[in-house]
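All remarks here apply to the structure that follows.
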Amino acid sequence: MPVIYNIFPELDLIIYVGTGLVTPTEFFRVGDEALQNPHITENMKVILDFFNAELDTSVSDIHLAIFKNNEAKQLGKGVGQTAVYTRSATMKFLGVALRQISFDSVANFSIFHNQSDAIQWLGLEEESVIASWETLTKQIERT
């Protein structure tokens, strides 16, 4: 599976990690699964770690992201501040396009090229987040 996640209620945080080829369909399937988890609360902070993933995205995927974000809000599990960790210039472009098309739907996210900047932007304690993040990435390495 190219995308896994874990919920860290004590940090009010969800971390998704993608590896290999990640499509929006795959990511949102995992996101839909996560939304069913009772530990997810409204406006939890999110880290999307796509640093070691190849993203198969296009501008048309922006509409899917807007739809899924609105769907989460309707379930009372709206997405909070979201940090995308990637080395992809394409992802940065799509993030800017998404904000311009639907500022009201997906307004509180940013794209980062290093972990520390992402964690600081989320306003979280770096040591705790890094430890949780490493636990999740080690889980991927074992599979």
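Every number in this text was worked out from the coordinates using simple rules, so none of it is lab data. Note that the structure is a prediction, hence the values are computed from the model and not measured. Ideal geometry is used to build each Cβ from the backbone, glycine not excepted, and the neighbour counts take in all protein chains shown.
Descriptive notes on the structure:
- Within-14-Å neighbourhood charge of Gln120 [Cβ basis; K, R +1; D, E -1]: -3
- Projected label distance in nm at Lys138 and Leu21, using a 7 Å step from Cα toward the beta-carbon: 3.2 nm
- Cα-based reach from Lys138 at 17 Å (exclusive), listing aspartates and glutamates while leaving out same-chain residues under 8 positions away: Asp49, Glu127
- Inter-site label distance for Arg29 and Gln120 at 7 Å from Cα along Cβ, in nm: 3.8 nm
- Between Asn37 and Glu71, the FRET efficiency estimated from the beta carbon spacing at R0 = 22 angstrom works out to 0.90.
- Computed from backbone phi, the HN-Hα couplings of the stretch 17-25 come to 10, x, 9, x, 7, 10, 9, x, 4 Hz, rounded to whole numbers (Karplus: 6.51 cos²θ - 1.76 cosθ + 1.60, θ = phi - 60°; Gly and Pro given as x).
- Contour minus Cα-Cα distance for Ala131 and Arg87 (0.36 nm per residue): 13.7 nm
- The Cα atoms of the stretch 1-48 give a gyration tensor whose axes a ≥ b ≥ c have a/c of 1.5 or more with a/b greater than b/c, which makes the shape prolate.
- Counting only residues at least eight positions apart within a chain, or on another chain, the aspartates and glutamates with an alpha carbon under 17 Å from that of Lys68 are Glu26, Asp32, Glu33, Glu42, Asp104.
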